[in-house]
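Here is the structure we will look at.
The values are calculated or read from the model by the stated rules, or taken from the named source; none is laboratory data. Since the structure is predicted, the reported quantities are computational estimates derived from the model, not experimental observations. Note: ideal-geometry Cβ built from the backbone for every residue, glycine included; neighbour counts use all protein chains shown. Surface areas here come from the heavy atoms of the whole protein model, side chains and all, with no ligands, DNA or RNA. Shrake-Rupley method; radii C 1.70, N 1.55, O 1.52, S 1.80 Å.
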Amino acid sequence: MRMVSPYGLTLDKIGTKEVLTVQPGGEKNTFTVSLAIRADGSKLPAVIIFKATNKKTGVLSESIMGKLKIPNNCIVWSSLSGWWNERLDHAWIDTTFDGDGEPTVLIRDQYPVHKMESSAEMLQERNVHQIFVPAGMTGKLQPLDVGVNRPFKVFWTDAYQKWRKRLGPEDVTKSGYLRNPSRQELIDMVSECWQKVTSDCIKNSFVRAEIVSDENGAP
């Protein structure tokens, strides 16, 4: 996700050829938010991945992590690239599935990390059967893409705009740009957006993806 999420429209007098706006300088700065849902309408914590500050360890420093207030509906991790990687995939599997659980089905896209043998072995040990959505079909067969990601991104744009409206002159840098949201502000916005995604929205996404036949989770 982009740390800067402006609306696509501006308002000015008819005929104006150029509209000047004050934007944060980090339009290309990104971070990762990984979402996971269940057919019963419940949500797993949103995983937020920031770029690591320590290139040797590949993680955020303990001093930074210690200052963050992380809501119950979020997990904060980091990597050198700010993207999901094998280490984080293993950590997520370890956090999400226990070894004595009931047989479980995990639906995933074709992202290369998901298909690593090490992850497949961890899932098999936890009685989790992994199913991959065919390439190019996530918009029809993956519940997140079918009915959850879009409203989440709409909520994100609205949350970003509310954050922007709270800024004042003191938030403009010497270069004339608005400051970027802090890590804590990004965490709080993700938490707020994830909270707004309803159980009905999630259930409907599984029905529309034809994973279950009705909102009660019947196969």
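A few comments on the model shown:
- Around residue 68: net Lys/Arg minus Asp/Glu count, Cβ-Cβ under 15 Å: +1
- Protein accessible area in segment 120-185, 1.4 Å probe - carbon and sulfur %: 52
- Convex hull projection area averaged over all views, segment 102-198, Cα basis, nm²: 9.5
- With the convex hull constructed from alpha-carbon coordinates only, segment 33-165 shows a mean projected area of 9.9 nm² over all directions.
- Toward the positive end of the charge dipole of segment 34-163, with +1 on the Cβ of Lys and Arg and -1 on the Cβ of Asp and Glu, the farthest Cα among 82, 119, 47 is that of 82.
- Note on residue 54 and residue 212: with the Förster distance fixed at 41 Å, the Cβ-Cβ geometry gives a FRET efficiency of about 0.40.
- Annotation for segment 181-217: GluC sites (Glu not before Pro) lying in DSSP loop with at most 15 further Cβ atoms inside 10 Å of their Cβ are 210.
- Per-residue packing, averaged as other Cβ atoms within 10 Å, sorts the ranges 117-130, 98-111, 46-59 into the order 46-59, 117-130, 98-111, beginning with the highest.
- Check: segment 93-143 dipole with +1 on Lys, Arg Cβ and -1 on Asp, Glu Cβ, in debye: 380
- Look at the alpha carbon pairs under 8 Å that are at least 6 residues apart: their mean separation over the length of segment 92-149 gives a relative contact order of 38 percent.
- Computed magnitude of the charge dipole of segment 66-209 (debye, nearest 20; Cβ of K, R +1, Cβ of D, E -1): 920
- Taking all protein chains into account, the per residue accessible area for segment 60-219 stands at 59 Å² (1.4 Å probe).
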